[in-house]
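A.B. asks: I'd like to ask some things about the structure below.
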Amino acid sequence: MEWFYANGGNRMGPISPVTFEGLISDGTVKTDTMVWSATMTDWQTFGQIAAETATCAASGGRYWQRDMVPYEGKFVSAEHKEEFFQRLREGVQQPGTMVYGNFWPRVLAKLIDGIVGWIAAMAINFVLAMLFFGQFIFQPKPNNPLVNGKFWAFQGTAFLLSLCFGLAYYWFFLNRYAATPGKMVLGLKVVRGNGTALSTGRIIGRFFAERLSAMILCIGYIMVAFDAERRGLHDQICDTRVIKSR
């Protein structure tokens, strides 16, 4: 089968199921992207048909589930069924199988992103200190209610701006590249449990779910080391997976 999709008002295609799946994974085809195949009566958004399609465990391509063979939670396209079971007998890893990112690479990726966030937070604090106090200070003067009041206003503003920066940073890179800079350096990306790209709502939800993973003594992150699919608490809440991209 072949797929078509709309990009900037232009009809793109035909493309193979494997190429189509690659466009979904890298975020080119999003939930609001219009798509079409020969078995459809009209163009629809990918979000409308995503649940009716699946990634072939043999080829890694995107097919209609109704035309596939289910096997232990996976789906295999009819044209790759023999290849799939032959690989299974030989113990060879299937192309469509996700390879999950391990605990320590994810820790290092988080550290890299944390350094970026720290630099941004420091820049925000310096600018706000100049605006609130006229100099680079971070502590109120003792027994000065006016300065103390300004200090708490400064702290609250700095917190909100840092949170907004973190969310914008997180959304931009996950929406465009399916990975933050830290994850890109380590060859990781974030996808849905079915291998599709994250929607804006899911990206935002995962951002705040990560705050929960950190708040409970980082137990939500530590869970990655012990889960079969290397899921943290935030991954389980949002049905996401961190997989190896190379």
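A.B. asks: Under a 1.4 Å probe, what is the accessible area of the chain per residue, stated in Å²?
C.D. replies: Result: 55 Å² per residue.
A.B. asks: Picking from VAL190, THR41, VAL127, whose Cα lies most toward the positive end of the charge dipole for the chain (charges on Cβ: Lys, Arg +1; Asp, Glu -1)?
C.D. replies: VAL127
A.B. asks: Hey, what number do you get for the chain at 222 nm if only DSSP H runs of n ≥ 4 count, each worth -39500 (n - 2.57), divided across all residues, to the nearest 500?
C.D. replies: Roughly -15000 deg cm²/dmol at 222 nm, from the helical runs in the chain.
A.B. asks: Counting only other residues whose beta carbon sits under 14 Å from that of ASP67, what net charge do I get with K and R as +1, D and E as -1?
C.D. replies: Overall, the nearby charge balance is 0.
A.B. asks: What does the charge count near ARG192 come to, summing +1 for each Lys or Arg and -1 for each Asp or Glu among other residues with Cβ under 10 Å from its Cβ?
C.D. replies: With Lys, Arg at +1 and Asp, Glu at -1, the net is +1.
A.B. asks: In addition: Would you work out what percent of the accessible area of the chain, with all protein chains in place, is carbon or sulfur (probe 1.4 Å)?
C.D. replies: Of all accessible area on the chain, carbon and sulfur atoms account for 62 percent.
A.B. asks: If you don't mind, there's one more thing I want to ask. If contacts are Cα pairs under 8 angstrom and at least 6 residues apart, what is the relative contact order of the chain in percent?
C.D. replies: Relative contact order, the chain: 17 percent.
A.B. asks: So which of LYS110/LYS150; LYS74/LYS244; LYS74/LYS183 end up more than 30 Å apart by C-alpha?
C.D. replies: LYS110/LYS150
A.B. asks: Considering the values [x] 22.7, 80; [y] 21.6, 63; [z] 17.6, 50, which represents Rg and Dmax of the Cα atoms in Å as calculated for the structure under consideration?
C.D. replies: [x]
A.B. asks: Report the net charge of residues surrounding GLY114, where surrounding means a beta-carbon distance below 15 angstrom and charges are Lys +1, Arg +1, Asp -1, Glu -1.
C.D. replies: Summing Lys and Arg as +1 and Asp and Glu as -1 gives +2.
The values are calculated or read from the model by the stated rules, or taken from the named source; none is laboratory data. Computed from a predicted model, the values in this text were never measured in an experiment. Reconstructed Cβ throughout: ideal geometry from the backbone, glycine too, with neighbour counts over all protein chains shown. To get the accessible areas, we keep the full protein, side chains included, count just its heavy atoms, and leave off ligands, DNA and RNA. Shrake-Rupley method; radii C 1.70, N 1.55, O 1.52, S 1.80 Å.
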